[in-house]
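Colleague: Let me begin by handing over the structure; questions about it come next.
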Amino acid sequence: MAKSLRLGVNIDHVATIRNARGGRHPDPVRAAKLAIAAGCDGITAHLREDRRHIRDADMARLKAEIDKPLNFEMAATDDMVAIALKTQPHACCLVPEKREERTTEGGLDAAGQQAALKPVVHKLKHAGIRVSLFIGAQPKQIEAAAALGAPVIEIHTGAWCDALAEGDTAKAEAEWRLIVTGAELAASLGLEVHAGHGLDYATAEEIAALPQIVELNIGHFLIGEAVFEGLAETVKFMRAAMDRGRARARA
Ligand code: PXP
């Protein structure tokens, strides 16, 4: 029997919706608690340099208020390291970050940025934080992650998911092979293997069959899908609230 597979729920896009209006609704911490009550194993949140979704106060509240592991996604910058050391999350997942990108587009270049990443990995590990590197599944990136002493890698599944969505079966097959062989290589080097980005029900089911992978981190699809799973109920609540109010109206 393969090891159990954890689900980390990324709640960034609850904050995206909140920030579209300002104010406090919807609250990403409330979403995190709901996801935990529904059976997820941890919460992931990405504090981006531009604070476009999760904000510093969200991260502090997540740490204080949730009772499952918090995975703090961040760029490997001095500012973020300082916030992570103050927050003391269970884990930090180091990701590349470009201001202009819509989401984390590629993996971290662990092979090309060994010198810059080494002190960051060291500081976080020294503080008792589990460090994960979000990388493509190319062997040189996996070997570099191991050489850096990161205990965990998260394989970027975005290119595989995009190729499937675009119907490019040859590319999807090539990306899938890369993920399969990458997961095997990483596990053989003693790394804990996670995966994420762009996953939906079908791709999560497929990748769950790889026994080396012990955690999936999923956000955008879940938050989008929650609209469809939840909208009917909230419209009913609103209808009922309006009906109660109207019943009090004088003719
Ligand atoms: N893992 C990492 C490292 C990410 O950067 C992201 C996106 O923020 C995810 C997982 C989740 O990706 P998605 O929102 O597409 O499910």
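Colleague: Here is a list: Ala159, Ala186, Ala144. Which entry is surrounded by fewer than 24 Cβ atoms within 10 Å (Cβ to Cβ), within 23 Å of Arg6 (Cα to Cα) and in contact with a helix residue (DSSP H, G or I) (Cβ under 8 Å, 6 or more places away or on another chain)?
Modeller: The conditions single out Ala159.
Colleague: Taking the conditions exactly as written (within 26 Å of Ala35 (Cβ to Cβ), in contact (Cβ under 8 Å) with a residue 60 or more places away in the chain and in a helix (DSSP H, G or I)), does Gly230 satisfy them or not?
Modeller: In short, no.
Colleague: Still on this structure, please answer the following. Would you check if Gly190 is on the phi > 0 side of the Ramachandran plot, away from the ligand (no atom under 15 Å from the Cβ) and modelled with pLDDT of 95 or more?
Modeller: yes
Colleague: Given the options Ala150, Ala165, name the one that is surrounded by 17 or more Cβ atoms within 10 Å (Cβ to Cβ) and at pLDDT 95 or above.
Modeller: None of the others qualify; the one that does is Ala150.
Colleague: Any chance the stretch 91-102 includes a residue that's more than 26 Å from Ile207 (Cα to Cα), surrounded by 15 or more Cβ atoms within 10 Å (Cβ to Cβ) and not acidic (Asp, Glu)?
Modeller: Within the stretch 91-102 (the criterion being more than 26 Å from Ile207 (Cα to Cα), surrounded by 15 or more Cβ atoms within 10 Å (Cβ to Cβ) and not acidic (Asp, Glu)), the answer is no, since none of the residues qualifies.
Colleague: A further question on this structure: Looking only at the stretch 49-59, count how many residues are out of contact with any strand residue (DSSP E or B) (no Cβ under 7 Å at 6 or more places or on another chain) and either closer than 14 Å to Asn71 by Cα or part of a helix (DSSP H, G or I) (or both).
Modeller: Within the stretch 49-59, residues that are out of contact with any strand residue (DSSP E or B) (no Cβ under 7 Å at 6 or more places or on another chain) and either closer than 14 Å to Asn71 by Cα or part of a helix (DSSP H, G or I) (or both) number 2.
Colleague: Scan the stretch 1-22 residue by residue and report those that are in a loop (DSSP other than H, G, I, E, B), more than 11 Å from the ligand (Cβ to nearest atom) and of a type outside the set (Lys, Arg).
Modeller: Met1, Ala2, Ser4, Leu5, Gly22
The rows are residues; the columns are (1) within 13 Å of the ligand (Cβ to nearest atom); (2) more than 26 Å from Asn19 (Cα to Cα); (3) aromatic (Phe, Trp, Tyr).
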position: Asp58; (1), (2), (3): no, no, no
position: Leu70; (1), (2), (3): no, no, no
position: Leu108; (1), (2), (3): yes, yes, no
position: Gly112; (1), (2), (3): no, yes, no
position: Pro119; (1), (2), (3): no, yes, no
position: Ala127; (1), (2), (3): no, yes, no
position: Arg130; (1), (2), (3): no, yes, no
position: Leu133; (1), (2), (3): yes, yes, no
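Colleague: Let me ask something additional. Quick check on the stretch 213-221. Is at least one of its residues in contact (Cβ under 8 Å) with a residue 60 or more places away in the chain, within 23 Å of His90 (Cα to Cα), surrounded by fewer than 20 Cβ atoms within 10 Å (Cβ to Cβ) and of a type in the set (A, V, I, L, M)?
Modeller: Within the stretch 213-221, one or more residues are in contact (Cβ under 8 Å) with a residue 60 or more places away in the chain, within 23 Å of His90 (Cα to Cα), surrounded by fewer than 20 Cβ atoms within 10 Å (Cβ to Cβ) and of a type in the set (A, V, I, L, M).
Colleague: Can you tell me which of (1) more than 15 Å from the ligand (Cβ to nearest atom); (2) at pLDDT 95 or above; (3) over 20 Å from Gly219 (Cα atoms) is the one Ala84 doesn't meet?
Modeller: Single failed check for Ala84: (1).
Colleague: Same structure, new question: Determine whether the stretch 174-182 contains at least one residue that is in contact (Cβ under 8 Å) with a residue 60 or more places away in the chain, charged (D, E, K, R) and crowded, with 16+ Cβ neighbours inside 10 Å.
Modeller: no
Colleague: Continuing with this model, one more query. Taking the stretch 211-234 as the region of interest, how many residues are more than 12 Å from the ligand (Cβ to nearest atom) and out of contact with any strand residue (DSSP E or B) (no Cβ under 8 Å at 6 or more places or on another chain)?
Modeller: Residues in the stretch 211-234 being more than 12 Å from the ligand (Cβ to nearest atom) and out of contact with any strand residue (DSSP E or B) (no Cβ under 8 Å at 6 or more places or on another chain): 10 in total.
The values are calculated or read from the model by the stated rules, or taken from the named source; none is laboratory data. The shown structure was predicted, so the numbers you read here are calculated from the model rather than taken from an experiment. Please note: Cβ atoms are built from the backbone with ideal geometry, for glycine as well, and neighbour counts cover all protein chains shown.
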